[in-house]
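A quick write-up on the structure given underneath.
The values are calculated or read from the model by the stated rules, or taken from the named source; none is laboratory data. Predicted model, so just to flag it, every value in this text is computed and none were measured. Ideal geometry is used to build each Cβ from the backbone, glycine not excepted, and the neighbour counts take in all protein chains shown. All accessible areas refer to the heavy atoms of the entire protein, side chains included, with ligands and DNA or RNA removed. Shrake-Rupley method; radii C 1.70, N 1.55, O 1.52, S 1.80 Å.
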Amino acid sequence: QPQLVESGGGLVQPGGSLRLSCVTSGFMLGDHAIGWFRQAPGEGREWVSCINVSGGTTSYTESMKGRFTLSRDNAKNTVILQMNSLKPEDTGVYYCARHTKSYCSASVPTNFDYWGQGTQVTVSS
């Protein structure tokens, strides 16, 4: 069955960087768009970004687009979320998820059928 495992989270100071990995198995990564979501303490799940099978990406906000970079390596079954210039408000649990389509369209949680367990990101001085 499809599996997604996030890693790379941790504690960083404001302005620092983290590289999150989403390692997939049980399906052909090249056939699916992959999205990243985050959930801050006491808040709902928020869409961060999505990458389609051709490598094109979509970000929720211009701020995220400028600071976060999404890439994929289908040969390694891995999607990478590079996060730079981190802010305290970026704190939360980050999840990767498999889109039901090959491209990023209507990137809401209901369009993602398999999810990882999440990795904690804490940005604090």
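Taking θ = phi - 60°, what integer Hz values does the Karplus form 6.51 cos²θ - 1.76 cosθ + 1.60 yield along the stretch 58-71, in sequence order, with x for Gly and Pro?
Each residue's phi maps through the Karplus curve to give 9, 10, 5, 10, 5, 4, 5, 4, x, 9, 10, 10, 10, 9 Hz.
Per residue, how large is the accessible surface of the chain? Use a 1.4 angstrom probe and give square angstrom.
Accessible area per residue, the chain: 50 Å².
Leaving ligands, DNA and RNA out of it, report the carbon-plus-sulfur percent of the accessible area of the stretch 1-48 at a 1.4 Å probe.
So the carbon and sulfur contribution to the accessible surface is 48 percent.
Can you show me the helix-derived [θ] at 222 nm for the chain, built from DSSP H runs with n ≥ 4 at -39,500 (n - 2.57) apiece and divided by the number of residues, rounded to the nearest 500.
It comes out at -1000 deg cm²/dmol, rounded to the nearest 500.
Provide the gained length on full extension for the span Gln1 to Ser71, in nm with one decimal, where the gain is 0.36 nm per separating residue minus the Cα-Cα distance.
Net length gain for the segment: 22.9 nm.
By how many nm would the segment from Lys101 to Thr61 lengthen if fully extended, with 0.36 nm per residue of separation less the alpha-carbon distance?
Extra length available between Lys101 and Thr61 comes to 12.2 nm.
Just going by the charge dipole of the chain, with Lys and Arg at +1 and Asp and Glu at -1 on Cβ, which of Ala106, Ile51, Leu86 is farthest out on the positive end?
Ile51
Would you mind working out the magnitude of the charge dipole of the stretch 57-101 relative to its Cα centre, with +1 at each Lys and Arg C-beta and -1 at each Asp and Glu C-beta, to the nearest 20 Debye?
Computed about the Cα centre, the dipole is about 200 debye.
Counting other C-beta atoms within 10 Å, and keeping those with at most 13, which DSSP coil GluC sites (Glu not before Pro) do you find in the stretch 41-125?
Glu43
Can you list the lysines whose alpha carbon is less than 21 Å from that of Lys101, not counting same-chain residues fewer than 8 positions off?
Lys76
Note down the magnitude of the dipole of the chain about its Cα centre, charges +1 on Lys and Arg C-beta and -1 on Asp and Glu C-beta and zero elsewhere, to the nearest 20 debye.
Its charge dipole is roughly 180 debye.
If I take every Cα pair under 8 Å that is 6 or more residues apart in the chain, average their sequence separation and divide by the length, what percent do I get for the relative contact order?
36 percent.
Between Phe27 and Glu46, what is 0.36 nm times their sequence separation minus the Cα-Cα distance? Round to one decimal in nm.
Separation in residues times 0.36 nm, less the Cα-Cα distance, equals 4.4 nm.
Give the residues of the stretch 46-65 whose amide nitrogen is closer than 18 Å to a point set 7 Å from the Cα of Val108 in the direction of its Cβ.
Flagged as within label range: 46-50, 59-61.
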